[in-house]
Amino acid sequence: MYQLLKELCELVGPSGFEQDVQRFIRDQVKDGADEVQVDALGNLIVKINATDPEMPSVLLAAHADEIGLIVKKIEPNGTLRFEKLGGFDDRILLAQPVTIKGSEGYVEGVIGTLSMHYVKWDDPKRIDSHRELYIDIGAGSVEEVAEMGVKVGQPISYGSGLKLIGDKKRSRVVGKALDDRAGCAVLIGLIKELKDHPDRAHGDVCCVFTVQEEVGLRGASVLSTAIQPDFALAVDTTPTSDTYDVLMTGTRVLGGGPCIKIADKSLIAHPLVTGLLEKVAVEQNIPHQLEVFMGIGTDAGAIHMTSTGVSSGVLSIPSRYTHSPVEIVDLGDLENTVKLAAEFVYHTGELKGKNFLDT
């Protein structure tokens, strides 16, 4: 799982520029899929045919994009101005390494910052807007920037790689883009699980790696009309609340297993879905947590309201320091998310013929 996650996270793929990520995932899953296609927006749709056509169909979605930046202007001295793609906290942008997807390959750079020796002439409490900041790629002129294959409109991600931290008992990783390459790794694991167990009954399963989630759930908003699933699950990360920061409440614990979402700002999960997730988690002894957190939204927020509506839920992977270059997840939580997603798929027959009033 670690090597897969490392390769996923170190690709540059902000919203609208997910091509490298989608190509990598396609190559990982094509041998285990019955159908692979890319829709007009860029969503990668991977279908595993039913082993029991009488069972309900399930759509699972994880977003391939990450928060990122985009080159907006090249200054005469070779530095780059940028805009944001997705939700950033400007307080943590200063002095961060970044990677630009240039026309000749990846280009490394850093977001510039004042030397601390200038602080006595500055207001140390001032927070620079991203529009005041710039990226330094080591160039000295507009011409040198062009020679490096960098131009306006190219995507940028944080430049932090993925690393293992902690001891062998915990197997945690830190890096950028775990939101939601961790979910993508889970769906890749689920596809392998389904193909390795053809003896287990399930309906049609579509695992979709969506685009542009971080800028408004855009990729997910076109899925259900074409796929028409009976049930849907988003697989995404969720901020933990288990450190001693002042805003923390002690819920959503790293290493405590996947969170079964009850509600967030984009979705009140369907009780049929949450009920089955809880039931199979208990029966299969899969560690899990219940999540009510109104500070986040997922692809399920778009999926459940499209077409004629889809009974939807979410499996959330606990993550510390989300939307930063140093997100942390526990690999054990990812493995347990694969298990819970698979058991949900295998048990959807229990939901056949039921509706909201049966809960």
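The values are calculated or read from the model by the stated rules, or taken from the named source; none is laboratory data. These numbers come from a predicted model, not from an experiment. Positions of Cβ are generated from backbone atoms using ideal geometry, with glycine treated the same way; all protein chains shown enter the neighbour counts. SASA here: full protein model, heavy atoms, side chains in, ligands and nucleic acids out. Shrake-Rupley method; radii C 1.70, N 1.55, O 1.52, S 1.80 Å.
Overview of values
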quantity	calculated
Three-way shape label, the stretch 174-215, alpha-carbon gyration tensor, a/c 1.5	oblate
Accessible heavy-atom area order of 59, 4, highest first, probe of 1.4 Å	4, 59
Where labels lie 7 Å past Cα in the beta-carbon direction, separation of residue 326 and residue 169 in nm	2.4 nm
Label point 7 Å beyond Cα of residue 126 along Cβ direction - residues of the stretch 94-117 with amide nitrogen under 12 Å	114
Tilt relative to the chain, helix 271-283 - C-alpha long axis, 0 to 90 degrees, to 10	80 degrees
Dipole of the chain, positive direction: furthest Cα of 300, 24, 96, with charges on the beta-carbon	96
Karplus (6.51, -1.76, 1.60) ³J(HN,Hα), θ = phi - 60°, over the stretch 215-225, in Hz, Gly and Pro reported as x	10, x, 6, 5, x, 5, 5, 10, 7, 5, 4
With DNA, RNA and ligands ignored, accessible area of residue 144 (1.4 Å probe; Å², nearest 10)	80 Å²
Nearest-ten-degree value, helix 19-29 long axis tilted from longest Cα axis of the chain	30 degrees
Fraction of accessible area attributable to carbon and sulfur, the chain (%, probe 1.4 Å)	53 percent
Shape call, the stretch 198-266: gyration tensor on alpha carbons, a/c limit 1.5	oblate
Protection proxy ranking of 93-106, 318-331 - average other beta-carbon atoms within 10 Å, highest first	318-331, 93-106
Accessible surface of residue 259 - all protein chains present, 1.4 Å probe, nearest 10 Å²	0 Å²
Label point distance in nm, residue 352-residue 245, each placed 7 Å from Cα along Cα→Cβ	4.6 nm
The stretch 64-87 and the stretch 280-358: distance between their alpha carbon centers, rounded to Å	33 Å
Accessible area of the stretch 167-240 divided out per residue, in Å², using a probe of 1.4 angstrom	35 Å²
Accessible area expressed per residue, the stretch 295-352, with surrounding protein chains retained (probe 1.4 Å, Å²)	28 Å²
Whole-Å distance, taken between Cα centres, linking the stretch 180-245 and the stretch 1-41	13 Å
Relative contact order of the chain, pairs being alpha-carbon contacts under 8 Å that are 6 or more residues apart, as %	23 percent
On Cα atoms only, tilt of 178-196 relative to the major axis of the chain in degrees	40 degrees
